[in-house]
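What follows is calculated from the coordinates using simple rules that are stated; it is not laboratory data. Keep in mind that what you see is a predicted model, and the values were worked out from it rather than measured. As a convention, Cβ positions derive from the backbone with ideal geometry for all residues, glycine included, and neighbour counts pool all protein chains shown.
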Amino acid sequence: MIKKLSESGFYPYCFFLIILIFSTSTLANTIEPAPQVSLKESGLLIAENALSQGLTINIAADSNYPPYEFLNDQGEPAGYSVELTKAIAQVMGFKVNIVMTDWQNALRGLYSGEFDALQNIAYSDERAKSIIFSPPHSIANQAIFARTEDPKIHSLEALKNKTVLVQNASIMHEYLIAKNIDAVIVPTKTHTDALRQLSAGKYDFALVANLPSLYLSKEFNLNNIQPIFNPVDGQRLSYGALAGNEDLIARFSEGLAILKNTGVQQKIYDKWLGALENKKSLLKTIGPVAIYILGFLGLIFIGIIVWNSMLRKEVEKRSQQLKAQQQQLIQADKMASLGVLVSGVAHEINNPTGLLIVNLPLLKSAWEDALPYLERLQENEPISLAGLSFERIKTEMPYIIDEMNHSTIKIRDIVNDLKDFARIESEDNKSHVSLNHLVSTAVRLVDTSIRNATTQFELSLDPKNPHIYANAQRIEQVIINLLINACDALEDTTKRIRLTTSYYEDQQSVIMKFEDQGHGIKEEHLSRLSEPFFTTKRDIGGTGLGLSVSSGIIASHHGSISFNSAIGIGTTVTVTLPVVQTIT
């Protein structure tokens, strides 16, 4: 089924949709200058008198931190923070001079007084000791980047003794120093430097801002690196100035509040950072549709896999059932052939056996009649018969004749039992039968197996002689099977087998209990004993059908069969059948 799906174009179609999603995502995240947000269109009043005062504030910015602040293709400052700063300056009525440099020089220039403020500085308690911050205008997440083929880590402690690239003097540089995790810190001038050196395989990891690093790695085709986890919560980016410049920070804070309240700040944010949320974005339009299609196709695919798995299991189940039925048919055919054979052999045996049964009593009578004549002869002269003295023959002959007669009757009974057992009968051929009689017959049939297996066989039949409504042949089959199993379980002839029948009047049931002192059955196997083809005797020719068939026979007689066993102690099989009457 899966192969057919693949051949029909299912996988290529899914692959096309995935490429479409990623291509729209790439398009949405491409850094391109956009038209400036108009403050007049937003309804803001510009402080023209303040502009005429000629106040200029020197702002330092990182030239390599897109999409917040960077130099565009024309070499001009661009980005979210740059445009936000210009909008605040315009609404608050002062001028700004944005100087693009690397972050270390920007921070050093703030402390030296070269710059009045920084527009994109992350807050920390340590920095707050000397720098005052405006409310945050955005949140930046930090991430640990690694090469795609290298092992992944999931904790800062895993950086111990590893080389970690960071932007010099950045918030993550300060964070690693404060954590003191024994990592080898490698400062770089820019994020680009850190990512390139990581991609080249010179160092182990880079701890950098997540979004700028994703932009830069895409711009410079650094495809062998990726973020693996975020070690800290998002960092608040704010305007910052040295302590003592509260009035300056108040201007930025007020301007930022105005832009937020009028929606201008949100427009600038959407322009640079909210491309995925822009309703006019191609991804916004196509993405959900593609996701729904992929989800629907995924559900179909999963449904096909589940259905295919269920179908395979059902086929395996049916195959096992058919195999079991085939084995049962083979067994039934064997039994039918055996029945024909037994009937023929029984007929051949019964003929001479019948002659013996008829003639042995005649022989005994002849011996008794001849005995007085032989005694008179013995008085005149000692005589011998068959090489034995007359006195010995006189003593042993009655015993010999009785034993011959008894053995002949036993042969007749066994042959008749075999004929009855091998007779093909309908499953519905049920009648009222004595359970004790069925047990005695089955014991006679397997007498040799029992005597070869143990010298400690015990048979106890309930004196109430309970009767059941059953197919006698089928119940005998169960008894014989359980007795043979008990014989096979014994390890030597000193171990005991006990078979008892018991009548329970209150439950109107009769119980056959087969107890052996064999090697026992493992607990996990007990629940599977009635399964077709399950056997613990496969190495000695077991088929796993005996107990399965026996369980089916007992169930068809509205009875039950249970197993209790312990390794090294033995097994007890309990068969319960409904009783119809008792004869004492």
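In this rough spin-label picture, where each label sits 7 Å from Cα along the Cβ direction, the residue 460-residue 403 distance is 3.3 nm.
In this simple spin-label model, placing a label point 7 Å from the Cα along the Cα-to-Cβ direction at both residue 507 and residue 202 gives a separation of 8.6 nm.
What's the FRET efficiency of residue 449 with residue 317 using the Cβ-Cβ distance as r and R₀ = 35 Å, to the nearest 0.05? Before the final figure, lay out each step's value.
Values: r = 35 Å, r/R0 = 1.00.
Approximately 0.50, to the nearest 0.05.
Going by a ≥ b ≥ c, the root eigenvalues of the Cα gyration tensor, does the range 131-258 fall in the rounded group (a/c under 1.5), the prolate group (a/b larger than b/c) or the oblate group?
Working: a/c = 2.47, a/b = 1.86, b/c = 1.33.
Taking the square roots of the gyration eigenvalues as a ≥ b ≥ c, the range 131-258 is prolate.
Assuming charge only on the beta carbon of Lys and Arg (+1) and of Asp and Glu (-1), the dipole of the range 393-524 about its Cα centre is about 320 debye to the nearest 20.
For the range 128-144, 3J(HN,Hα) computed residue by residue from phi via the Karplus equation (6.51, -1.76, 1.60; θ = phi - 60°) reads 5, 5, 10, 10, 9, 10, 7, x, x, 9, 6, 10, 10, 8, 9, 8, 8 Hz, glycine and proline entered as x. For residue 225, nonlocal amide neighbours, meaning residues 5 or more places apart or on other chains whose placed amide H falls under 5 Å from its own, are 148.
State the extension gain, in nm to one decimal, for the chain segment bounded by residue 297 and residue 522, taking 0.36 nm per residue of separation less the distance between their alpha-carbons. Could the numbers behind the result be given before it?
Details: separation 225, 0.36 × 225 = 81.00 nm, distance 4.74 nm.
Separation in residues times 0.36 nm, less the Cα-Cα distance, equals 76.3 nm.
The label-point distance for residue 558 and residue 114, in a model that sets each label 7 Å from Cα toward Cβ, rounds to 10.4 nm. When the C-alpha to C-alpha distance is required to be over 30 Å, the pairs from 394/495; 430/522; 129/267; 317/522; 162/218 that qualify are 394/495; 430/522; 129/267. Relative to the current alpha-carbon distance between residue 367 and residue 413, full extension at 0.36 nm per residue lengthens the span by 13.9 nm. Backbone amide hydrogens, once placed in the peptide plane, bring residue 456 within less than 5 Å of 497, excluding anything fewer than 5 places away on its chain.
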